[in-house]
1. For Lys98, state whether it is in contact (Cβ under 8 Å) with a residue 24 or more places away in the chain, among the basic types (Lys, Arg) and closer than 22 Å to Ile21 by Cα.
2. What number of residues in region 85-95 are surrounded by 13 or more Cβ atoms within 10 Å (Cβ to Cβ) and either under 15 Å from Val54 (Cα atoms) or of a type outside the set (D, E, K, R) (or both)?
3. Tell me whether region 57-78 contains one or more residues that are more than 27 Å from Arg15 (Cα to Cα) and out of contact with any Gly (no Cβ under 8 Å at 6 or more places or on another chain).
4. Give me the pairs, please: first residue somewhere in region 70-89 and on the phi < 0 side of the Ramachandran plot, second residue anywhere and modelled with pLDDT of 90 or more and polar (S, T, N, Q), beta-carbon distance under 7 Å, and either six or more positions apart or on two chains.
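The values are calculated or read from the model by the stated rules, or taken from the named source; none is laboratory data. Because the structure is predicted, anything quoted here is derived from the model rather than measured. Reconstructed Cβ throughout: ideal geometry from the backbone, glycine too, with neighbour counts over all protein chains shown.
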Amino acid sequence: MRMHHYLRSWGANIRKNLKFIHRTIQQVVRYTYAVMRSKALNKVSIAQGGKCDVEKTCITWLGLTAFRNVFARKPTVYRSLLKLLDFELSPGRYRRHKKQFRSLVRSGMVVIDQLSF
């Protein structure tokens, strides 16, 4: 939702800046995974028995799905971006994650439904 707010406040043309916005979303998702791994593999975490068994594809699917669900609230504005995200989420490798995190996504959508933006 923060990205939606930034795009609105900047007055960004979604169609004109589609590649930039899409690459930014991908970088945010990759960065999130890298931070999780970094936090789990630092000395303090290892000393306390911490570990990170989350697969990169899980984080990628969750991140892209979160962006897609938020932008889907304004489908006319983000139509072209939604098509890209849908295409990226379509591969069979994510089918397992879709089933695995179905209840998590559903509970997240309840919160989004309560917010108006």
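1. Details: in contact (Cβ under 8 Å) with a residue 24 or more places away in the chain: yes; among the basic types (Lys, Arg): yes; closer than 22 Å to Ile21 by Cα: no.
Against the criterion (in contact (Cβ under 8 Å) with a residue 24 or more places away in the chain, among the basic types (Lys, Arg) and closer than 22 Å to Ile21 by Cα), Lys98 does not qualify.
2. Taking region 85-95 as the starting set, the residues that turn out to be surrounded by 13 or more Cβ atoms within 10 Å (Cβ to Cβ) are 85, 88-89, 94.
So of that shortlist, the ones also either under 15 Å from Val54 (Cα atoms) or of a type outside the set (D, E, K, R) (or both) come out as 85, 89, 94.
Residues meeting the conditions: 3.
3. We begin by selecting, within region 57-78, every residue more than 27 Å from Arg15 (Cα to Cα); these are 57-58.
Filter once more, so that each one left must be out of contact with any Gly (no Cβ under 8 Å at 6 or more places or on another chain): 57-58.
Scanning region 57-78, I find at least one residue that is more than 27 Å from Arg15 (Cα to Cα) and out of contact with any Gly (no Cβ under 8 Å at 6 or more places or on another chain), so the answer is yes.
4. The qualifying pairs are Leu89/Thr65.
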